[in-house]
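Structure record follows, encoded as structure tokens.
No lab work stands behind these numbers, since they all come straight from the coordinates. Only a predicted model underlies this, so the values are computations on that prediction, with no experimental measurement involved. A quick note on method: Cβ atoms are made from the backbone with ideal geometry, for glycine too, and the neighbour counts reach across all protein chains shown.
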Amino acid sequence: PGASAKTHFDAVIIGAGFSGMYMLHSLRDKLDLNVTVFEAGDGVGGTWYWNRYPGARCDSDSYIYCYTFDKNLLQEWNWSERYPEQDEILRYLEHCAERFDLKPDIQFGKRVVEVIFDDNSELWTVRTDKGDSVTTRFVITAVGALSTANMPPFKGLGSFKGKCYHTSQWPHDGVDFTAKRVGVIGTGATAVQAIPEIAQQAKHLTVFQRTPAFCVPARNGRVDPEVTRARKADYDGIRQRIKGSFFGFELNFLPKGVLDTTPEEREQEFDRMWDAGGFAFWLANYQDMFFSKEANDIIADYLKRKIRSIVNDPVAAEKLTPKTYPYGTKRQPLDTNYFETFNKKNVLLVDAATDGSIEEITPNGVRAGGKEYPLDIIVIATGFDALTGPLKALGIKGRGGRMLAQEWEAGPQTYLGVAIAGYPNLFTITGPQSPSVLSNMPVSIEQHVEWITECIAHMRRNKLTTIEATPEAQDAWGAHVAEVVNATLMTSANSWYMGANIDGKAHRFLPYLGPEGVGGYRRKCAEVAEKDYEGFAFSSHGQGWTA
Ligand code: NA7
């Protein structure tokens, strides 16, 4: 029977982006399990299915923003640019879905609304908004970390007579800005990509800024074919390096502190990183940047000088200069002509601190600081309820009816960011308290998928029916996550890493910033498995294996 006719599975995967697609391939084709995927969208791609706003592209270099588990795929696929655009990444994922014949086992257009554990059968029941109800031994969430839109409850939002779009729910046939007065709310990584594109098309653009961003040039462009050839010849080395690296990139901190350098020496290094573009300035800078405010100030000062040198109007430059948080403690936006865009005559910056914050949306536009800005289109680029939002939205109930959304009100509690005490046989790919959004995502996704696959294989070999994190191991992991990050400057910013972008959300650092990065985290997970899944408890009652 077709996937949608079956009602019992070994594993249900939620989401068909990078994570869910590889998870399906692994469990179905390596372990021969009976698996289905529920996907809310009408196609594969996850993030790259939904985020179709102008300028949407990846901020990781294309040669490492891809699957690395298939050597032939690495050789055969050719990216057109250093950072591919949304439609190219979506084409890549479509290609992978065909290549591994994934679509027959993905049920599209079905949003999971309930995931309930039954204490007697030790099986999960998964329900969708389309009325499906299936049972399964394992549930694997592949819902992404940035997939639940943050739509701030602006007063009067519904009264606007023009068109209003959240960047992550963009119309598939695009939006025509020609001759329109457009407002963009937000200046995070998304808005920084969209603003220069919209400004080129619109008659007039008003940018509503709450907090200015430290942007660094992406330096996108075609990749030298020689470089591509050399990389293809060295993919074994590249895989090894990114898997063992701090952030999943071929980037490493400079092995010295900025405080140990002369002004001339560091200026040269800064110029080199600025010219290189991409995340080098953020993730391959002096190693004291995230630890010492004094060091951070020196590095931030370079970027502040850049803003002043690019933006012609000193008043606008001042508004665009970050002052309230250390550099690097919020996600690094990469730009193409972002600051330059504020030199255009048709672009106006409305800064919350100096011009007043948004008071309401009116039928004709946005009112901020007592003034109404008339608009035809509003683009809401206010980001996501990061990491916990997508999991809380699934209606997960574990042992004894305990509710995940409720238990996580004061912040997430997990073991290794991949499992949760009280929720047996539930795995969370790139969940909170794993490196996740603090890494090049495909690297962390592959690591989780492979670890989960091996864990399930281990259970089948040993006729084990449930695996569950112990509360002790979970508490120890939570304490470790907090301890490591508390030694850095990361907790001093009102960032979405801290849950600070959502009203009422607990302020807790959400991803895991391990002392040895994703490489160290990978070793830790491998060690847990080697020590017979230390910190987990297994059982062998409940319904036995059928596969
Ligand atoms: P971000 O990085 O969360 O940026 C959202 C922006 O919207 C940011 O400038 C916010 O200001 C602003 N914002 C959020 N809520 C409001 C309200 N209520 N009023 C005014 N302005 C607001 O989301 P992005 O989509 O840009 O990026 C998310 C990630 O997706 C990105 O880092 C990549 O990993 C991919 P704030 O700074 O909170 O003061």
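Axis angle, to the nearest 10 degrees, between helix 517-530 and the longest C-alpha principal axis of the chain: 10 degrees. Between Ala352 and Leu254, the simple label model (points 7 Å from Cα in the Cβ direction) yields a spacing of 3.3 nm. Per-residue Karplus couplings for segment 353-364, computed as 6.51 cos²θ - 1.76 cosθ + 1.60 with θ equal to phi - 60°, are listed in order as 5, 9, 9, x, 8, 5, 9, 6, 9, 10, x, 9 Hz, Gly and Pro entered as x. Amide H contacts of Asp335: Val216, Ala218, each under 5 Å away and 5 or more positions distant or on a separate chain (H built 1.01 Å from N in the peptide plane; Pro and chain starts excluded).
By the Kirkwood approach, averaging reciprocal distances over each pair of separate Cα atoms, segment 1-78 gets a hydrodynamic radius of 14.5 Å. The slack in the chain from Asn462 to Ala393, taken as 0.36 nm per residue of separation less the alpha-carbon distance, amounts to 21.5 nm.
Rounded to whole numbers, the Karplus 3J(HN,Hα) couplings from phi for segment 209-218 are 9, 9, 9, x, 10, 7, 8, 10, x, 6 Hz, using 6.51 cos²θ - 1.76 cosθ + 1.60 with θ = phi - 60°, and x at Gly and Pro.
Among the trypsin sites (Lys or Arg not before Pro) found in segment 469-547, those both in a DSSP coil and sparsely packed, with 15 or fewer other Cβ atoms within 10 Å of their Cβ, are Lys531. Full extension of the chain between Lys232 and Ser309 yields a length gain of 23.9 nm, computed as 0.36 nm times the residue separation minus the alpha carbon distance.
Axis of helix 86-99 versus longest Cα principal axis of the chain: the two differ by about 20°, to the nearest ten degrees.
Taken along its principal axes, the alpha carbon cloud of segment 472-536 reaches lengths of 41, 22, 16 Å, longest axis first.
For segment 61-169, what Kirkwood radius comes out of the mean inverse Cα-Cα distance, in Å?
Values: mean 1/r = 0.0550 Å⁻¹.
So the Kirkwood estimate lands at 18.2 Å.
Each Lys and Arg adds +1 at its Cβ and each Asp and Glu adds -1 at its Cβ; summed about the Cα centre, the chain shows a dipole of about 880 debye. Spatially, segment 479-532 and segment 98-175 are offset by 25 Å when compared through their Cα centroids. Note on segment 327-407: Rg/Rh from C-alpha atoms, Kirkwood Rh, equals 1.15. Histogrammed with a bin width of 5 Å, the alpha carbon distances of segment 87-236 distribute as 2, 6, 9, 13, 13, 13, 12, 12, 10, 6, 3, 1, 0 percent, first bin at zero. Magnitude of the charge dipole for segment 175-253, about its Cα centre and with charges confined to Cβ atoms of Lys, Arg (+1) and Asp, Glu (-1), is about 140 debye. A simple charge model with +1 on the Cβ of Lys and Arg, -1 on the Cβ of Asp and Glu and nothing else charged puts the dipole of segment 325-459 at about 240 debye relative to its Cα centre. Once backbone amide H atoms are built at 1.01 Å from N, His8 has Thr135 as its partners under 5 Å, excluding neighbours fewer than 5 places away on the same chain. With each label modelled as a point 7 angstrom along the Cα→C-beta vector, the Ala179-Glu294 pair spans 6.1 nm. Annotation for segment 370-403: trypsin sites (Lys or Arg not before Pro) lying in DSSP loop with at most 15 further Cβ atoms inside 10 Å of their Cβ are Arg402. Here is the tail figure for the chain: Cα pairs spaced more than 33 Å apart come to 42 percent of all pairs. Given segment 178-235, report the % of alpha carbon pairs whose separation exceeds 12 Å. Across segment 178-235, Cα pairs with separations above 12 Å total 73 percent. The GluC sites (Glu not before Pro) of segment 393-474 meeting both criteria, a DSSP state outside H, G, I, E and B (loop) and at most 15 other C-beta atoms within 10 angstrom of the site's C-beta, are Glu409. To the nearest ten degrees, helix 235-244 and the longest principal axis of the Cα atoms of the chain are 90 degrees apart. A helix-only calculation puts the chain at -9000 deg cm²/dmol for mean residue ellipticity at 222 nm, using -39500 (n - 2.57) for each DSSP H run of at least four residues, averaged over all residues. The distance from the alpha carbon centre of segment 290-343 to that of segment 411-455 is 33 Å, rounded to a whole number. Whole-Hz Karplus values for segment 382-399 come out as 9, x, 9, 7, 6, 6, 7, x, x, 6, 5, 6, 8, x, 7, 10, x, 3 Hz, taken residue by residue from phi with 6.51 cos²θ - 1.76 cosθ + 1.60 and θ = phi - 60°; glycine and proline positions read x.
The separation of segment 61-93 from segment 378-407, counted between C-alpha centres, amounts to 30 Å.
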